[in-house]
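The values are calculated or read from the model by the stated rules, or taken from the named source; none is laboratory data. Values in this document were obtained by computation on a predicted structure and should not be read as measured data. Cβ coordinates were reconstructed from backbone atoms using ideal geometry, including for glycine residues, and neighbour counts include every protein chain displayed. All accessible areas refer to the heavy atoms of the entire protein, side chains included, with ligands and DNA or RNA removed. Shrake-Rupley method; radii C 1.70, N 1.55, O 1.52, S 1.80 Å.
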Amino acid sequence: MNQGPPETAYTAEQIRETVERILEAGALPPIVQAGHPVLRQRAAAFDGQLSDDQLGRLITLMRQVMHEAPGVGLAAPQLGIPLQLAVVEDQFDVDPEAAALRHRSPLDFLAVLNPRYTPLGHGLASFYEGCLSLNGLQAVVARYENVLFEFQTPDGARMQREFSGWQARIVQHETDHLNGVLYVDRAQLRSLSTNAEYAAHWAEPGIGKAQLGLGFDDGIAGISLH
Ligand code: ZN
């Protein structure tokens, strides 16, 4: 029986020790890959387990790892840290046609703690997405087109922001990580492609060609909005 993602068993002390070890390593940490239990657990809510200094240094490191990967988001569990912390930023130069169809516009850097999202309206969009923890793969995922995103900033302020389009996709993907959910859980699995096969056959702004060629629907009918 599916019990859903288990809670992390890490204590505050274990989280602190894990972060200290990563910060003191002197090199960028590897990104944890699918199959590691930390990616399948609910991360601990941030409630002061780290000092302001540790948190600030960890956020800086996560931003470096995200840039180096490169990616548009990184969640703390992807570094083996079961804490509700994620960073997002999208400054990539995107083909204008793809940017228009995907409603993708630049997203300034943002570090969030204890985030959650709520759909605004019933709009859904289906596009290929990937994950740094499922290296070399991508699949089509239906995501809410508009969400209300609630989170805490590193200095403790509670914030609400509305996101739409690709930005909404990014914050949904990263928040899912903190709840033990990977994009493949929500994907049309018949769309699953290596990056090389995607580039060879399905690299276009939309998913229509891949839908016909691989035989999958857009996944939108399968999502319950209730
Ligand atoms: Zn991911």
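So the values come out like this:
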item: Counted residues, the range 83-136 - those being more than 15 Å from the ligand (Cβ to nearest atom), under 26 Å from Leu50 (Cα atoms) and open to solvent by less than 30 Å² (accessible area, probe 1.4 Å); result: 4
item: Matching entry among Asp176, Asp185 (being within 23 Å of Gly80 (Cα to Cα), without any contact (Cβ under 8 Å) to a residue 60 or more places away in the chain, within 16 Å of the ligand (Cβ to nearest atom) and surrounded by fewer than 16 Cβ atoms within 10 Å (Cβ to Cβ)); result: Asp185
item: Ile15 vs. criteria under 22 Å from Asp155 (Cα atoms) and assigned to a loop (DSSP other than H, G, I, E, B); result: no
item: Failed item in (1) closer than 27 Å to Ala45 by Cα; (2) in contact with a Ser or Thr (Cβ under 7 Å, 6 or more places away or on another chain); (3) polar (S, T, N, Q), with Gln138 passing the rest; result: (1)
item: Of residues in the range 195-214 being open to solvent by less than 40 Å² (accessible area, probe 1.4 Å) and touching a residue at least 24 places away in the same chain (Cβ under 8 Å), the one nearest to the ligand (Cβ to nearest atom); result: Tyr198
item: Residue satisfying all of: in the range 22-44; over 20 Å from Leu132 (Cβ atoms) and either touching a Lys or Arg at 6+ places or on another chain (Cβ under 9 Å) or open to solvent by 70 Å² or more (accessible area, probe 1.4 Å) (or both); modelled with the lowest pLDDT among these; result: Gly26
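Okay, residues lined up against (1) touching a residue at least 60 places away in the same chain (Cβ under 8 Å); (2) hydrophobic (A, V, I, L, M, F, W, C):
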{"residue": "Ser126", "(1), (2)": "yes, no"}
{"residue": "Glu150", "(1), (2)": "no, no"}
{"residue": "Ser164", "(1), (2)": "yes, no"}
{"residue": "Ala168", "(1), (2)": "no, yes"}
{"residue": "Gly180", "(1), (2)": "yes, no"}
{"residue": "Ser193", "(1), (2)": "yes, no"}
